[in-house]
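Below is one structure, written out as structure tokens, with a few remarks after it.
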There are 2 protein chains.
Amino acid sequence: MPMRALNEWTATEIVAAIAAGTATCEAVARACLDRIAAREPQVGAWQYLDPDAVLAQARALDRSSARGPLRGVPFGVKDIIDTCDMPTEYGTCIHKGHRPHKDAACVALSRRAGALLLGKTVTTEFANVTPGKTCHPLDPTRTPGGSSSGSAAAVADFMAPLALGTQTTGSTTRPASFCGVFGYRPTHGDVRVAGVMEASGSLDTVGLLARSIEDIALYRDVVLGVQPEPVADMPPPRIGFCRPYFWQRLEPATQKLLAEAAQRLARAGAPVRDVTLPAEFEGLEEAHRWVSGFEMARNLAWEIDHHWDEISPAFRTGRVQDGFACTYDRYCGMRRRMEHCQRLLDALFADYDVLLAPAAAGEAPVGLHPVPHPWVYMIWTTTHVPSLTLPVFKGPAGLPVGAQLIARRGEDRKLFAAARWVYRQLVA
Amino acid sequence: MPMRALNEWTATEIVAAIAAGTATCEAVARACLDRIAAREPQVGAWQYLDPDAVLAQARALDRSSARGPLRGVPFGVKDIIDTCDMPTEYGTCIHKGHRPHKDAACVALSRRAGALLLGKTVTTEFANVTPGKTCHPLDPTRTPGGSSSGSAAAVADFMAPLALGTQTTGSTTRPASFCGVFGYRPTHGDVRVAGVMEASGSLDTVGLLARSIEDIALYRDVVLGVQPEPVADMPPPRIGFCRPYFWQRLEPATQKLLAEAAQRLARAGAPVRDVTLPAEFEGLEEAHRWVSGFEMARNLAWEIDHHWDEISPAFRTGRVQDGFACTYDRYCGMRRRMEHCQRLLDALFADYDVLLAPAAAGEAPVGLHPVPHPWVYMIWTTTHVPSLTLPVFKGPAGLPVGAQLIARRGEDRKLFAAARWVYRQLVA
């Protein structure tokens, strides 16, 4: 049994203790709720929380004979993901108090596994650029990163061991890096998005936030709806060290941390080689802009026509305006560009198990802008590859900076195995 | 002005007459509602209809100064597509009376264009195999085809000029062929599916049903959210006559009708050549089965866990059971197979503008089975190509049989232009 407080346990530790009878679902839930009570006024991670209802469900789990792989593990859900027993407001006053009639697929699968839904976590408006109330858990003058702001902050601050987020640009990777937790974006299309607000279907995925690789792997199997398998051991992976075209825009400290990590991994026995992405990848920023704009502007047709004045000016003049300006021919051309780069990247993985790349430009910046430096993420989101962010660095201000590992589409399990090896070298 | 009754006008005719002041939105709506009142007891196309509310909205459209490209055109909406002012029940008693809080993107875009939502059309359970109440408009002992049963029957029976459907296997193509209307499945991913029940995201599209190619093209621009463009004229298209591996399973009369049509198009001046699909395409039936099963079983996790006994045995032992049996590795392999065939088909279109292929095995069969002969559709659905079904044949019982035209992904406009040429040769 870990010596840390119950709310600091990982999901894997909680499951083992409950199965062994050394902890109860109620005690775990109570520890998380106590932490939230103490810290929520500063962090602001939660959009909706009903502690009494959570405790009642925890007691029901304790009484139940069902034995799911996440039995008794509390989780938070980004508030653009539907829940049948809590409001879902998509980060906008337009949908204030809206109650979906059923759970999103990923929420239903979490509950089927025995996980305990704590509450809804704060997101930016429509998972886009306008921030919610969440602050960085380690420094309230800084953003936790968005758009999965509350999910990342809650996991980082030991309010919940697991949380669901989403990603259309960098909405899981970025807050994971800023807050210092593991953030996972699955291969695009793998985890069902039924019941998740569609921002841009060509790019959207569910995202997972946790405090260990094993937790990420376990939770991924649960939301994928497959039998959980442990993370495999693997020999030192073949690593491509990727300094993309935007490398010089990263903070110098981040460049240095990543370069030192690559050297350290090589010294530990991994074949590490510099990898240069084909020039076409520089066009993916533009592809992301137009594809996501085209799709978001149409997905929000109802809000645009009925609640235009309640949409933030930043969103109206950003993606929505891009979407109105984008022709179908441009949209198709940009989708073809994405597909072309997907194939190039698939081929490139013949020589590498994983790529090592930046997960953020630097530490969480001061101020509330929730989605800085979108260009860090667009290459990987548009090419549909799985990504895992590892909380392995500290920046100049002492705040977390992540490293991103990327694998070939469909090779998410290999990503976890390689990530465990990498993490052990960098953190041990 | 057409001499036919108002409810028999096409959308394009209605728009022109209302713009010219020779018809009102209310008169058009009333004509459709009168037809429904007379025929609904036999056809059973509607899941929800509130005539007074429709007339009130029609009068509001008449008073409004807004001039959308579908002003005053009544449309029906398959009941797996969300509407903010009508129930949406997904063909199941589980969601009886459910009221979504907003319109699906395709519904909101239709209303933005000035179209008038008549009501919700009958679908099979979860757009799968268990039939609703709709009968074939020309023969009540037969199925109208599913799963967009009510949408196709309503358009065929002159209850509405336009209807929204969806397609995951052949759910637009099939009922269009059976009922004798135009049925269009867009390039996968083009038309947003936000607010449409996800059956299987790797396959799902919105589908359109109408009584003219011009109506299909106009409505496609509306739901795509782009400026409408007229159907282009084109010289005789290069046609690939496609007799896929399942050709011998078609009814002999259907084989003969298609072969004669190919000859007629060649005589009219089109370069028509037999096209043989690569052998890999025979594996797409299996790919469709496992991919759709895997995704449906996860999308319906909430219903499976909370309402198992209210799911029909046919669905439980069909796709849902397949979904439980399918491993992730098999699922990934099948998705790769789909992608591989998509690329092969893209390349094949270097030599053809469109392919001519069966849209059904034959006429609508006697009985209520709503989704016979799924193998006719799987090649095209899994490869994400756009498809237009033309009501050009009569079968041995005097009932409609369609011909399917298929174009390269993203070449939907060329599909319409080629289809107009083909339609004129076959029906003139």
Report task. Can you tell me the FRET efficiency between A:Phe324 and A:Ala347 if r is taken as the Cβ-Cβ distance and R0 is 25 Å, rounded to the nearest 0.05? Result -> 0.10
Query raised in the report: Within a Cβ distance under 15 Å of B:Ala20, other residues only, what is the Lys/Arg minus Asp/Glu net charge?
Result: 0
Report task. Taking each label point as 7 Å beyond Cα in the direction of the beta carbon, state the distances from B:Asp233 to the same residue in the other copies, shortest first, in nm. Result -> 7.5
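Take the Cα pairs of region B:22-67, get the Kirkwood Rh, then feed it into Stokes-Einstein at 37 °C and 0.692 mPa s and tell me D in µm²/s.
286
Below 8 Å between Cα atoms, with a sequence gap of 6+, how large is the relative contact order for region B:285-324 in percent?
Numbers: 29 pairs, mean separation 26.2, N = 40.
In percent, rounded to a whole number, it is 65.
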Query raised in the report: What is the order of A:Asp305, B:Asp79, fewest Cβ neighbours within 10 Å to most?
Result: A:Asp305, B:Asp79
**Report entry** Max mean-square fluctuation residue, GNM over chain A, Cα-Cα springs under 10 Å, options A:Gly132, A:Gly119, A:Gly21
**Finding:** A:Gly21
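Rounded, prolate or oblate: which fits region A:307-417 when a ≥ b ≥ c are the square roots of the eigenvalues of the alpha-carbon gyration tensor, with rounded for a/c under 1.5 and prolate only if a/b beats b/c? It would help to have the intermediate numbers written out before the result.
Values: a/c = 2.93, a/b = 1.16, b/c = 2.52.
Cα axes put region A:307-417 in the oblate bin.
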Report summary line: Under the helix-only model (-39500 (n - 2.57) for each DSSP H run of 4 or more, divided by the residues of the protein assembly as shown), the mean residue ellipticity at 222 nm, to 500 deg cm²/dmol, is -12000 deg cm²/dmol
Query - Whole-Hz couplings from phi, Karplus 6.51/-1.76/1.60, listed for region A:235-241; x for Gly and Pro - result: x, x, x, 6, 10, x, 8
Query raised in the report: Copy-to-copy spacing for B:Ser65, label 7 Å out on the Cα-to-C-beta vector, in nm, shortest first?
Result: 7.1
Query - Part-to-part distance (alpha-carbon centres) for region A:313-357 and region A:1-60, which is given in Å - result: 39
Report summary line: The answer for A:Phe393, listing residues at least 5 apart or on another chain whose modeled amide H is closer than 5 Å to its amide H, is A:Val401, A:Ala403
Query raised in the report: Say we join alpha carbon atoms closer than 10 Å with springs in a Gaussian network model of chain A; which of A:Ala37, A:Ala270, A:Ala153 then has the biggest fluctuation?
Result: A:Ala37
Query raised in the report: Rounded, prolate or oblate: which fits region B:285-324, taking a ≥ b ≥ c as square roots of the Cα gyration tensor eigenvalues, rounded meaning a/c under 1.5, else prolate when a/b beats b/c?
Result: oblate
Query raised in the report: Between A:Tyr48 and A:Val366, 0.36 nm times their residue separation minus their Cα-Cα distance comes to what?
Result: 111.9 nm
Query raised in the report: What does the protein assembly as shown give for Rg and for Dmax, in Å, if only its C-alpha atoms count?
Result: 27.2, 85
Requested in this report: Specify the inter-centroid distance of region B:190-211 and region A:199-257, based on alpha-carbon positions, in whole Å.
Outcome: 31
Query - Spin-label pair A:Gln263/B:Asp233, simplified geometry with 7 Å Cα→Cβ offset, distance in nm - result: 7.2
Requested in this report: Calculate the spin-label point distance for A:Arg67 paired with B:Ala20, positioning each point 7 Å from the Cα along the beta-carbon direction, and give it in nanometres.
Outcome: 7.6
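Using a cut-off of 10 Å between beta-carbons, work out the net charge of the residues near B:Val401 (Lys and Arg +1, Asp and Glu -1, B:Val401 not included).
Values: positive: B:Lys394; negative: B:Glu251, B:Glu363.
Charge balance near B:Val401 sits at -1.
How do A:Tyr245, A:Tyr219 rank when sorted from fewest to most other Cβ atoms within 10 Å of their own Cβ? Kindly include the intermediate steps, with their values, before the conclusion.
Details: A:Tyr245 15, A:Tyr219 30.
Ranked by crowding around the Cβ, least crowded first: A:Tyr245, A:Tyr219.
So if I take the alpha carbon set of region B:161-258, get Rg, then get Rh from the Kirkwood formula, what is the Rg over Rh ratio?
1.00
Starting with the fewest neighbours, write out B:Tyr48, A:Tyr331 ranked by other beta-carbon atoms found within 10 Å of each beta-carbon. Walk me through the numbers before you get to the answer.
Values: B:Tyr48 16, A:Tyr331 23.
By the 10 Å Cβ count, ascending, the order reads B:Tyr48, A:Tyr331.
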Report task. Quick one: with label points 7 Å out along Cα→Cβ, list the inter-copy distances for A:Ala20 in nm, shortest first? Result -> 8.3
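Sequence gap at least 6, Cα distance under 8 Å: using those rules, report the relative contact order of chain A to the nearest whole percent. Working shown, then result.
Values: 999 pairs, mean separation 74.5, N = 428.
This gives 17 percent for chain A.
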Query raised in the report: Mind checking which lysines have their C-alpha under 28 Å from B:Lys133, skipping anything on the same chain fewer than 8 residues away?
Result: A:Lys102, B:Lys78, B:Lys96, B:Lys102, B:Lys120, B:Lys394
Query raised in the report: Taking springs between alpha-carbon atoms closer than 10 angstrom, which of A:Glu125, A:Glu303, A:Glu26 fluctuates most in the Gaussian network model of chain A?
Result: A:Glu303
Query raised in the report: Going out from 0 in 5 Å bins, what whole percent of all Cα-Cα distances in region A:6-224 drops into each bin?
Result: 1, 8, 17, 22, 23, 16, 9, 3, 1, 0
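At 37 °C and 0.692 mPa s, what whole-number value in µm²/s does Stokes-Einstein give for the translational diffusion of chain A, with Rh from the Kirkwood sum over Cα pairs? Could you put the intermediate results ahead of the total?
Numbers: Rh = 21.4 Å.
Reported coefficient: 154 µm²/s.
No value in this document is a laboratory result; all are computed from the given coordinates. All values reported here derive from a predicted model rather than from experimental measurement. When we count neighbours, we look across all protein chains shown, and the Cβ atoms used for this are built from the backbone with ideal geometry, even at glycine.
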